[in-house]
Amino acid sequence: MSLGPLMVGLSGCELTPVEQEYLRHPLIGGVILFGHNIESPEQITALVRNVHALREPPLLVAVDQEGGRVQRLRKGFTLLPAVRELGHIHDQDPRRAKTLAETTGWLMARELRSVGIDISFAPVLDLDTGRSGVIGDRAFHRDPQIVAELAHAYMNGMTAAGMSATGKHFPGHGFVAADTHTAVATDERSYADLEFEDLLPFERMIHYGLPALMIAHVVYSSIDPHPAGFSPFWLRTVLRDRIGFQGAIFSDDLTMTGASVIGNVVDRAQAALDAGCDMVLVCHQLELLPGMLDELRHTSDPVAAIRLARMHGRHSIGRGQLGKDPRWLQASRAVLAYAPPETLALI
């Protein structure tokens, strides 16, 4: 059985019998974890192991582990600074910043791989324009060239640790003040404006071999009336044809308000898949899943299945081995050394 096109959330820290049943459904291809699913490294290791054991090939298990405000696994894991800190370092010492970016990407991915997690949806490739509160310090920098440099180093670290990187949020969320978790977001700029700023880090990272992208729930109103994640223009014409991206395309969470312009959650999933997404996320409102599994129409795509299969984690390592790895200890110390006081205060 190949991986299906739905990535879904879970209700708690253990799989329920109902969840075990729907995770075996052919339309399911992955699970995404949040804070309410996580208690300890031992518990999350067991949960991930149980998810992986349900299917062959195993379901993908993903999380958002960017650092700063967006770090789901904290207890027993290195507290990572927001990546904007790397941008500040780059302003003074570009070489040091790139070295630290690679170290941070490796450390983040290595720690997640030690509990079996396949994917962290990172790095953020949006620009820190000062307009978006929801992006802000999740972005490396304002300058698209610097974002591309630091993200490339970060991706190299992730790759070395056995994890495929996912750049987000294509084609760029940093200019939009609205938070798509709670509002419909619109960017009125022209394609030319986007091309010479927001799109540049995505194009560079695709050239560097970026394995996957997550799409923004933003309406670029002068270009297309639909949010980018539901737009054949953005996903097929721009991303696949013009830029030549060959990796996996993930939607953002379909239960976010920014996706609400496309009808109910089944309509959203269908529209995103028809537009060109390989996998769509339903992170919350899990009571909607039975209806989705009954109503969603999907024809298996062998090429999409290959793209998704490449997202499985590699270089498995146990928690015990991680603690004995001198590279891990060195990397953790290096990352904590550049962490700002507010990060260190959480330790």
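The table below lists the values:
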| item | result |
| --- | --- |
| Residue check, Val115 touching a Leu at 6+ places or on another chain (Cβ under 8 Å) and in a loop (DSSP other than H, G, I, E, B) | yes |
| Any hit, segment 43-51, residues being of a type in the set (S, T, N, Q), touching a residue at least 12 places away in the same chain (Cβ under 8 Å) and surrounded by 18 or more Cβ atoms within 10 Å (Cβ to Cβ) | no |
| Filtered residue count, segment 67-77, keeping only those that are in a loop (DSSP other than H, G, I, E, B) and buried (at least 19 other Cβ atoms within 10 Å of the Cβ) | 4 |
| Search result, residues across segment 25-64 that are in a strand (DSSP E or B) and either of a type in the set (A, V, I, L, M) or over 24 Å from Gly4 (Cβ atoms) (or both) | Ile28, Val31, Ile32, Leu60, Val61, Ala62, Val63 |
| Selection status of Phe121, in contact (Cβ under 8 Å) with a residue 40 or more places away in the chain and either small (Gly, Ala, Ser) or touching a helix residue (DSSP H, G or I) at 6+ places or on another chain (Cβ under 6 Å) (or both) | no |
| Residues that are over 16 Å from Gly29 (Cα atoms) and either polar (S, T, N, Q) or crowded, with 21+ Cβ neighbours inside 10 Å (or both), drawn from segment 263-273 | Asn264, Val265, Arg268, Ala271 |
| Residue within segment 245-256 that is farther than 27 Å from Gly76 by Cα, surrounded by 14 or more Cβ atoms within 10 Å (Cβ to Cβ), out of contact with any helix residue (DSSP H, G or I) (no Cβ under 8 Å at 6 or more places or on another chain) and among the aliphatic types (A, V, I, L, M) present | yes |
| Single unsatisfied condition, Phe202 versus (1) surrounded by fewer than 20 Cβ atoms within 10 Å (Cβ to Cβ); (2) touching a strand residue (DSSP E or B) at 6+ places or on another chain (Cβ under 6 Å) | (1) |
| Any hit, segment 149-156, residues being in contact (Cβ under 8 Å) with a residue 40 or more places away in the chain, of a type in the set (Ser, Thr, Tyr) and more than 30 Å from Ala334 (Cα to Cα) | no |
| Filtered residue count, segment 297-309, keeping only those that are touching a residue at least 12 places away in the same chain (Cβ under 8 Å) and surrounded by 12 or more Cβ atoms within 10 Å (Cβ to Cβ) | 8 |
| All positions within segment 126-160 that are among the aliphatic types (A, V, I, L, M) and touching a helix residue (DSSP H, G or I) at 6+ places or on another chain (Cβ under 8 Å) | Leu127, Ala139, Ile146, Val147, Ala148, Leu150, Ala151, Ala153, Met155, Met158, Ala160 |
| Candidates Leu86, Leu100, Leu80, filtered to the one that is closer than 19 Å to Leu336 by Cβ, out of contact with any Phe, Trp or Tyr (no Cβ under 8 Å at 6 or more places or on another chain) and either not small (Gly, Ala, Ser) or not in a helix (DSSP H, G or I) (or both) | Leu80 |
| The lone exception for Gly313 - which of (1) under 30 Å from Phe245 (Cβ atoms); (2) out of contact with any helix residue (DSSP H, G or I) (no Cβ under 6 Å at 6 or more places or on another chain) it fails | (2) |
| Looking only at segment 98-129, and only at residues there that are farther than 24 Å from Leu47 by Cα and of a type in the set (S, T, N, Q), the one that is surrounded by the most Cβ atoms within 10 Å (Cβ to Cβ) | Thr104 |
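A quick yes/no check of all residues on (1) basic (Lys, Arg); (2) at pLDDT 95 or above; (3) in a loop (DSSP other than H, G, I, E, B); (4) buried (at least 24 other Cβ atoms within 10 Å of the Cβ):
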site	(1), (2), (3), (4)
Val134	no, no, yes, no
His141	no, yes, yes, no
Leu150	no, yes, no, yes
Asn156	no, yes, no, no
Gly174	no, no, yes, yes
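The values are calculated or read from the model by the stated rules, or taken from the named source; none is laboratory data. The structure presented is a predicted model; accordingly, all values stated were derived computationally and were not measured. Glycine gets a Cβ as well: all are built from the backbone with ideal geometry, and neighbour counts include every protein chain shown.
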